[in-house]
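Written out below as structure tokens is the structure these notes cover.
The values are calculated or read from the model by the stated rules, or taken from the named source; none is laboratory data. Because the structure is a prediction, the values reported are computed rather than measured. Here the Cβ is made from the backbone with ideal geometry for all residues, glycine too, and neighbour counts use every protein chain on show.
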Amino acid sequence: GQQVMQIPQYQHVQEGEDFTTYCNSSTTLSNIQWYKQRPGGHPVFLIQLVKSGEVKKQKRLTFQFGEAKKNSSLHITATQTTDVGTYFCAGLDNFNKFYFGSGTKLNVKP
Amino acid sequence: SAVISQKPSRDICQRGTSLTIQCQVDSQVTMMFWYRQQPGQSLTLIATANQGSEATYESGFVIDKFPISRPNLTFSTLTVSNMSPEDSSIYLCSVAGLLAEAFFGQGTRLTVV
């Protein structure tokens with residue numbers, strides 16, 4: 001069945017350092033979405049990527065969708081303590097079913 | 001975006017009992033989704049709640065254990081039946097937005113003792 005894997009599982013960075021999480025799907029996705037879940041909170045939608053090779057930016061966050069639409073990445077430049085949380089990718093298949101990635105937990109040390 | 005109210009926010013329950021979680025949306029939606037998130041883990045879809053028909057369950061989840069109601073287009077309940085400590089988890093309801101993005105309720109943190 002469909003699998004969406006994320007690496008790394010955990011990342012500890014010093015404030016100001018960059019951070020990247022990678023998402024890989026076993027099959028081609030119609031689109032990919034990214035979510036952020038703060039500790040004790042619920043996942044919150046960040047962005048959606050639809051086109052092959054698409055790159056989108058939100059301030060310090062850069063999102064990329066692979067050419068084959070099977071992988072994606074989220075890069076945060078110059079992390080801040082407010083970036084702490086778990087980042088999930090979610091692939092949408094052709095039946096509009098979500099497959100959430102395993103998540104990357106980011107800790108930022110001040 | 002949809003505003004989703006979920007309750008209770010947390011509960012501690014005795015094993016063998018059942019808990020019903022309620023989810024109210026501020027707009028009419030065709031499908032509502034129920035997820036489980038075990039501590040430190042990702043989200044696993046339990047079922048899709050369709051108004052006017054039976055819920056559609058994912059592999060590993062059955063109606064007897066997780067009965068779902070969907071009486072109208074703004075409300076759904078999920079019951080966790082005959083609970084055991086393994087059911088301790090966060091349960092989240094969700095609806096899809098215009099981009100098919102997921103909006104989540106605040107979640108119900110369930111502890112079974």
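Observations
- Only a single item in (1) at the interface with chain B (Cβ under 9 Å from one of its Cβ atoms); (2) surrounded by fewer than 18 Cβ atoms within 10 Å (Cβ to Cβ); (3) at pLDDT below 95 is not met by A:Val44, and it is number (3).
- Entry remark, region B:89-106: residues being small (Gly, Ala, Ser), crowded, with 17+ Cβ neighbours inside 10 Å and either in contact with a Pro (Cβ under 9 Å, 6 or more places away or on another chain) or within 12 Å of A:Phe98 (Cβ to Cβ) (or both) number 4 in total.
- Annotation: of all residues in region A:34-83 being outside any strand (DSSP E or B), among the hydrophobic types (A, V, I, L, M, F, W, C) and in contact (Cβ under 8 Å) with a residue 24 or more places away in the chain, the one that is nearest to A:Asn107 (Cα to Cα) is A:Ala78.
- Residues located in region A:10-37, provided they are within 14 Å of another protein chain (Cβ to nearest Cβ), out of contact with any helix residue (DSSP H, G or I) (no Cβ under 9 Å at 6 or more places or on another chain), within 17 Å of A:Lys56 (Cα to Cα) and of a type outside the set (A, V, I, L, M): A:Thr21, A:Cys23, A:Ser30, A:Asn31, A:Gln33, A:Trp34, A:Tyr35
- Matching residues, region B:3-62, being away from every other protein chain (no Cβ under 13 Å) and basic (Lys, Arg): B:Lys7, B:Arg15
- When the residues of region A:89-102 are filtered to those that are facing chain B (nearest Cβ under 7 Å) and over 17 Å from A:Phe65 (Cα atoms), the one that is surrounded by the most Cβ atoms within 10 Å (Cβ to Cβ) is A:Ser102.
- Counting only strands (runs of 3 or more DSSP E) that sit wholly inside region B:30-113, those with at least 2 residues that are in contact with a strand residue (DSSP E or B) (Cβ under 7 Å, 6 or more places away or on another chain) and within 23 Å of A:Ile32 (Cβ to Cβ) are B:31-37, B:43-50, B:89-96, B:102-104.
- Check on B:Val62, touching a helix residue (DSSP H, G or I) at 6+ places or on another chain (Cβ under 8 Å), farther than 12 Å from B:Lys7 by Cα and not polar (S, T, N, Q): no
- Near pairs, Cβ below 7 angstrom, 6+ apart or cross-chain, from region A:10-30 (under 17 Å from A:Ser72 (Cβ atoms)) to any residue that is aromatic (Phe, Trp, Tyr): A:Gln11/A:Phe19; A:Thr21/A:Tyr87
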